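Only one structure is covered here, and it is reproduced in the block below.
The values are calculated or read from the model by the stated rules, or taken from the named source; none is laboratory data. Quick caveat: nothing in here was measured; it's all calculated off a predicted structure. Note that we place each Cβ from the backbone using ideal geometry, even for glycine, and neighbour counts take in every protein chain shown. Remember, those area values only see protein heavy atoms, side chains included, never the ligands or the DNA or RNA. Shrake-Rupley method; radii C 1.70, N 1.55, O 1.52, S 1.80 Å.
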Amino acid sequence: QVQLVESGGGLVQPGGSLRLSCAASGSLFSVSTMGWYRQAPGKQREWVASIGSDGRTNSADSVKGRFSISRDNAKNTVYLQMNSLKPEDAAVYYCRYYDVRVDAWGQGTQVTVFS
């Protein structure tokens, strides 16, 4: 099994920044993908960004140029640096880890953007 623990959510004003972290533990595989998803009230969960164990990244058009994903394989941790936050970025952010054997999700961390 794989356990994911997210941290770093909070309240921020529009234009502000937050950095989310997600630490993975358990039965990890050397080849895996980690990513961030988000879900706003009344909306479906949507993909935000992902990064492979080889460092390749991809992100949704809505966050390109503002959010960046990175990964520390030695710490089994993925980060999401969020800059220039907008009210529409407010959501619960979920971390995901998957490889050929397992697909795991974190509990989520709340990001609130308010004026």
With a 1.4 Å probe and every protein chain kept in, tell me what percent of the accessible surface of segment 1-80 is carbon plus sulfur.
46 percent
Magnitude of the Cβ-charge dipole (Lys and Arg +1, Asp and Glu -1) of the chain about the Cα centre, nearest 20 debye, reported as 80 debye
Q3-W105 pseudo-label distance in nm [points 7 Å out on the Cα-to-Cβ vector]:
1.9 nm
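Give me the Kirkwood hydrodynamic radius of segment 74-115, using the inverse of the mean 1/r over all pairs of distinct Cα atoms, in Å to one decimal. All intermediate terms of the calculation are to be shown ahead of the outcome.
Values: mean 1/r = 0.0810 Å⁻¹.
Taking every pair of different Cα atoms in segment 74-115, averaging 1/r and inverting gives 12.3 Å.
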Just to check, using Stokes-Einstein with a Kirkwood Rh over alpha carbon pairs, what's the diffusion coefficient of the chain at 37 °C and 0.692 mPa s in µm²/s?
234 µm²/s
Name the residue farthest towards the positive end of the dipole of segment 68-115 from the options S84, N73, V113, assuming +1 on Cβ of Lys and Arg, -1 on Cβ of Asp and Glu, about the Cα centre.
N73
Inter-label distance, nm, simple model (7 Å from Cα along the C-beta direction), E88/S70:
2.7 nm
